[in-house]
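What follows draws every value from the coordinates through simple rules; no lab data is involved. Being a predicted model, the structure only gives us computed values, none of them experimental. Glycine gets a Cβ as well: all are built from the backbone with ideal geometry, and neighbour counts include every protein chain shown.
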Amino acid sequence: MSTVITATINGRAFRGEVEDHELLLDFLREDLGLIGARQSCEVEVCGSCTVLVDGLPVSSCCYLACDLDGKVVETIEGLVGTPFHEVLSDAFVRHGAVQCGYCTPAMVLTAKSLFFDDLLKDEESVKKAMRGNLCRCTGYRAILDALMDIAASEPTVELRAQA
C-alpha cells in the first residue's frame, strides 16, 4: 500500500506517494536523490542518517516516510549555502572536526538544531545533546571545540535572527 503525503523538503513543497513501509532514509536517498544522510547501523544508534524533521534531529533509518505528511524536512543538501552552514563549515575546518566526513552531515544538522534551540551553552550540555551522533575518527574533541567556538562567536545573533 502507499500513502500520499504533502511535506516541505529543503524548502520545497513535495506532494507524492510513498510506500507505507518505506523508511525516510530510503525515500530521501532513492526517491529524491538526497544522499547526505548516510546508511550505517540501521537501528537508530549511530546517528549517521540524522535529518531534521520540524527542526528536530531524527534517525531517518527508523522513521517512516508516510509520517512526513504535513512536516518540514531539512537535509544537509538544504543547509548548504546558508549563512549557518558557512559559519559551521568554517568552525569545523578550523578545528579539524571533519576527518573522513561520513558522520559530518548528521553532526552539522544536529548542531543546527541545538544552535537554534539555544542548547549550545556549555560543553557538558553539548556532549549530552550530541550523544546520538557517533564518530569513529575525531575523538569528538575537535567537534566539541568547533561547536563551542560557534556558541561563543559574534555572528550568532545575526544567525538566530534568520531562523
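Between beta-carbons, use under 10 Å as the cut-off and find the net charge around R94, counting Lys and Arg +1, Asp and Glu -1.
So the surrounding residues net to -3.
If R0 is taken as 30 Å, the Cβ-Cβ distance between S2 and V80 corresponds to a FRET efficiency of 0.50. Taking amide hydrogens as placed 1.01 Å from N in the peptide plane, the amide H of I9 sits under 5 Å from those of F14, V73, each at least 5 positions away in sequence or on another chain. Annotation: amide H of L134 within the under-5 Å range of G47, S48, sequence separation 5 or more or interchain, hydrogens built in the peptide plane. The string of couplings for segment 3-11 from the Karplus curve (6.51, -1.76, 1.60, θ = phi - 60°) is 10, 8, 10, 10, 8, 10, 10, 6, x Hz, one whole number per residue in order, with x for Gly and Pro. Distant-in-sequence amide contacts of S2, defined by a placed amide H-H separation under 5 Å and a gap of 5 or more residues or a different chain, comprise D20.
The 3J(HN,Hα) values that the Karplus relation (6.51, -1.76, 1.60; θ = phi - 60°) gives for segment 127-138 are, in residue order, 4, 5, 5, 8, 5, x, 10, 8, 9, 8, 9, 8 Hz. Gly and Pro appear as x.
The structure-derived value of mean projected area of the Cα convex hull in nm² appears in the list [x] 10.5; [y] 8.9; [z] 16.5 under the label [y].
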